């Protein structure tokens, strides 16, 4: 059964496929009309989506963008298994059952106005969503920096950034055009030698940026948010520890029910009372990084 805190907040609706764009590396951006989900989604929440009418198990997909006014939701995913490969065949005009928004979202600290957002691979969508939310709060002084990493071509056409960013290694100029158009600084990292990208890990690029900041300003103003593969999140958690920064991570786990009933997505976290098992779907997917990746004893 779902926990009381999530009752009347998760909706099942028939969503029309509005568009479905393919990118290199078997990546897809699916836009659906799901007005109930679009009205209530928060950065870090996800959708549990029917991939094909003949496939009973749904798949969890992170929400990348929403438009509450018109009701569309964008989902970026990579076709890697039976379900997502079937989903990749869906065309505009078709209908799919979707459930959402699900999960605990990111929490912003109004005092930390220079958040560092790090997304790796299919962990990019929550960072885009969070960046867009921060864009709406620009008058409060929020000025995020977004780092994205991928070992397959990015699901957008990168371009040279016109936004100066302190600490960037020479030649690291590639950015996500959407973020650039929003006035949000971003840089890309990869080990594949893509033009304008930092050749290394996202955490190495993050360290270069953090080292270029004033010590007092960094400690008071920066918070870290991340989503991506488990090894990347572990490295981001260590980065945050090294700089004494608060850090939230969004975990990626296989899910069956996605509403807390099956407990198939549990992970061990550290609490004041000791280790505990938490469900990624409803207790997360966002957790304090120190709870999931504690410092070595």
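The values are calculated or read from the model by the stated rules, or taken from the named source; none is laboratory data. Please read all numbers here as calculations on a predicted model, not as lab measurements. Glycine also receives a Cβ, built like all others from the backbone with ideal geometry; neighbour counts cover every protein chain displayed.
Give the residue that is surrounded by the fewest Cβ atoms within 10 Å (Cβ to Cβ), with candidates limited to residues of segment 171-199 that are more than 17 Å from the chain's Cα centre (by Cα) and part of a helix (DSSP H, G or I).
181
Working only within segment 244-275, note down all residues that are surrounded by 14 or more Cβ atoms within 10 Å (Cβ to Cβ) and part of a strand (DSSP E or B).
Within segment 244-275, 247, 248, 249, 250, 266, 267, 269, 270 meet the criteria.
Anything in segment 282-297 that is under 12 Å from residue 103 (Cβ atoms) and at pLDDT below 85? List them, or say none.
Within segment 282-297, just 284 meets the criteria.
Going by what's in this entry, would residue 41 be described as closer than 27 Å to residue 157 by Cβ and within 16 Å of the chain's Cα centre (by Cα)?
When the stated conditions are applied, residue 41 passes them.
Listed here are the residues, each with its yes/no results for (1) under 30 Å from residue 166 (Cβ atoms); (2) within 15 Å of the chain's Cα centre (by Cα).
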position	(1), (2)
219	yes, no
232	yes, yes
243	yes, no
247	yes, yes
254	no, no
261	no, no
276	no, no
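This table checks each residue for (1) modelled with pLDDT of 95 or more; (2) outside any loop (DSSP other than H, G, I, E, B); (3) loosely packed, with under 14 Cβ neighbours inside 10 Å.
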site	(1), (2), (3)
22	yes, yes, yes
30	yes, yes, no
70	yes, no, yes
76	yes, yes, no
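Based on this model, can you work out whether residue 130 counts as closer than 20 Å to residue 181 by Cβ, buried (at least 24 other Cβ atoms within 10 Å of the Cβ) and in contact with a helix residue (DSSP H, G or I) (Cβ under 7 Å, 6 or more places away or on another chain)?
Spelling it out, it is not the case that residue 130 is closer than 20 Å to residue 181 by Cβ, buried (at least 24 other Cβ atoms within 10 Å of the Cβ) and in contact with a helix residue (DSSP H, G or I) (Cβ under 7 Å, 6 or more places away or on another chain).
If you go through segment 93-135, how many residues are closer than 16 Å to residue 49 by Cβ and not in a helix (DSSP H, G or I)?
So the answer is 10.
For the structure I just gave you, tell me whether residue 139 is in contact with a strand residue (DSSP E or B) (Cβ under 8 Å, 6 or more places away or on another chain) and at negative phi.
It is false that residue 139 is in contact with a strand residue (DSSP E or B) (Cβ under 8 Å, 6 or more places away or on another chain) and at negative phi.
Take the residues of segment 56-68 that are touching a strand residue (DSSP E or B) at 6+ places or on another chain (Cβ under 9 Å) and more than 16 Å from residue 128 (Cα to Cα): which is surrounded by the fewest Cβ atoms within 10 Å (Cβ to Cβ)?
Among those that are touching a strand residue (DSSP E or B) at 6+ places or on another chain (Cβ under 9 Å) and more than 16 Å from residue 128 (Cα to Cα), it is 58.
Just name the residue that is surrounded by the most Cβ atoms within 10 Å (Cβ to Cβ) out of those in segment 210-237 that are without any contact (Cβ under 8 Å) to a residue 60 or more places away in the chain and within 26 Å of residue 64 (Cα to Cα).
If we take residues in segment 210-237 being without any contact (Cβ under 8 Å) to a residue 60 or more places away in the chain and within 26 Å of residue 64 (Cα to Cα), then 237 is surrounded by the most Cβ atoms within 10 Å (Cβ to Cβ).
Give segment 78-92 a look and list any residue that's buried (at least 18 other Cβ atoms within 10 Å of the Cβ), in a loop (DSSP other than H, G, I, E, B) and within 22 Å of the chain's Cα centre (by Cα), or say none.
Across segment 78-92, the qualifying residue is only 79.
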